[in-house]
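Trainee: Supplied in structure tokens, the structure appears directly below.
Nothing in this text is a laboratory measurement; each read-out follows from the coordinates by a stated rule. None of the values given here were measured: they were computed from a predicted structure. All Cβ positions, glycine included, derive from the backbone under ideal geometry; neighbour counts span all protein chains shown.
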């Protein structure tokens, strides 16, 4: 398997924005990419469940959890839902749980870390938002590319034939 991000940076460096190197991989897929869908839901993952219940069509859900570490915004049940509905991955600007189980799913998952506490369901959150991670903008419709080297965003889909299996 190739290192996706270094190769993409070599080929498309002027078209990529790198997210800060604060994320860790938790899913069974280490390389993933797709069109970005966003939600903002600090400490309440009800909207994450709602989005992952929809057809993923190879997209990537980017969750703005505000970087808060009190509750996990993704766990094994939501990861199973994502796989069942065809999502390529989930990137959480926040925390996940059930990390042993997450590693067994054919899903890309990157987050800041893990905490064991589940969220309270209070119906909070916003869909299709633009948000910032350390000065880098994440918006719906961008394309996200991730592997063990990091995460990059592009305003349009990049030619991926040579990296597809």
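Trainee: Quick check: from the Cα gyration tensor, does region 93-165 come out rounded (a/c under 1.5), prolate or oblate?
Mentor: Judged from the Cα gyration tensor, region 93-165 comes out oblate (a/c at least 1.5, b/c at or above a/b).
Trainee: Subtracting the Cα-Cα distance from 0.36 nm times the residue separation, let me have the gained length for residue 7 to residue 148 in nm, one decimal.
Mentor: Working: separation 141, 0.36 × 141 = 50.76 nm, distance 1.27 nm.
Result: 49.5 nm gained on full extension.
Trainee: Counting only helical runs of four or more DSSP H residues, what would the 222 nm mean residue ellipticity of the chain come to if each run contributes -39,500 (n - 2.57) and the total is spread over all its residues?
Mentor: -4500 deg cm²/dmol
Trainee: Kindly provide the Kirkwood hydrodynamic radius of region 49-139 in Å, to one decimal, from all pairs of distinct alpha carbon atoms.
Mentor: Over region 49-139, the inverse of the mean reciprocal pair distance is 13.3 Å.
Trainee: When only C-alpha pairs under 8 Å and at least 6 residues apart count, what is the relative contact order of region 21-123, in percent?
Mentor: Relative CO of region 21-123 lands at 37 percent.
Trainee: Based on the mean of other beta carbon atoms within 10 Å per residue, what is the order of 121-133, 83-95, most packed first?
Mentor: Details: 121-133: 13.5, 83-95: 21.7.
Packing order, densest peptide first, comes out as 83-95, 121-133.
Trainee: Along the principal axes of its C-alpha atoms, what lengths does the chain span, in descending order and rounded to whole Å?
Mentor: Ordered largest first, the chain gives principal extents of 44, 32, 27 Å.
Trainee: Right, something else. For region 8-76, what does the relative contact order come out to in percent, with C-alpha contacts under 8 Å and a separation of six or more?
Mentor: This gives 32 percent for region 8-76.
Trainee: Please compute the alpha carbon radius of gyration of region 16-102, then divide it by the globular-protein estimate 2.2 N^0.38 Å. Two decimals is fine.
Mentor: Values: Rg = 11.9 Å, N = 87, 2.2 N^0.38 = 12.0 Å.
Rg over 2.2 N^0.38 Å, computed on Cα atoms: 0.99.
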